[in-house]
Amino acid sequence: MNKGTYFTGQPIFSQLLSFVPRSLVTRMARTYNSDRYCKRFKTYDHLITLLYSIINQCSSLREVTTGMLAWEQRLIHLGIAHPPRRSTISDAGARRGQRFSKVFIWSY
């Protein structure tokens, strides 16, 4: 088969993430120290989790974690080795705050 540039066969979520360069996210995380004291749930994982919750219109952390657990095999292809727990998402949101999100959106 020919490997063209068309997105046939890829999930929509993967297509959206292909527009966000991972190098940009890691550079911004390094600049603003948003991965400091993080062991497994890095900034890129947090970004994927937030995008997942927006696309699937999740209204609570319970919906996000349940959906991501159901999506566990697909998450490996997106770069997340372990689906996050509710407390991890909540702690990351409180620790990183809105500053990183605003800077990332405006710089991109």
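Values for this structure:
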item: Any helices (runs of 4 or more DSSP H) falling wholly within region 11-63 and containing at least 2 residues that are under 14 Å from the mean Cα position of the chain (by Cα), under 15 Å from THR88 (Cα atoms) and of a type outside the set (Lys, Arg); result: 43-55
item: Candidates PHE7, PHE100 - the one that is of a type in the set (Phe, Trp, Tyr) and either surrounded by 15 or more Cβ atoms within 10 Å (Cβ to Cβ) or modelled with pLDDT of 85 or more (or both); result: PHE100
item: Unmet requirement for TYR32, which otherwise passes all of (1) surrounded by 12 or more Cβ atoms within 10 Å (Cβ to Cβ); (2) without any contact (Cβ under 8 Å) to a residue 40 or more places away in the chain; (3) farther than 21 Å from SER14 by Cβ; result: (2)
item: Any pair with Cβ under 8 angstrom, 6 or more apart, that starts in region 51-63 at a residue that is over 13 Å from LEU16 (Cα atoms) and in contact (Cβ under 8 Å) with a residue 24 or more places away in the chain and ends at one that is in a helix (DSSP H, G or I) and among the hydrophobic types (A, V, I, L, M, F, W, C); result: LEU61/ILE89
item: Top-ranked residue of region 73-92 - restricted to ones that are at pLDDT below 85 and part of a helix (DSSP H, G or I), ranked as surrounded by the fewest Cβ atoms within 10 Å (Cβ to Cβ); result: GLN73
item: Output for region 63-72, where each listed residue is loosely packed, with under 14 Cβ neighbours inside 10 Å and either in contact with a Phe, Trp or Tyr (Cβ under 8 Å, 6 or more places away or on another chain) or small (Gly, Ala, Ser) (or both); result: ALA70
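The values are calculated or read from the model by the stated rules, or taken from the named source; none is laboratory data. Only a predicted model underlies this, so the values are computations on that prediction, with no experimental measurement involved. Quick reminder, even Gly has a Cβ in these numbers, built from the backbone with ideal geometry, and neighbours come from all protein chains shown.
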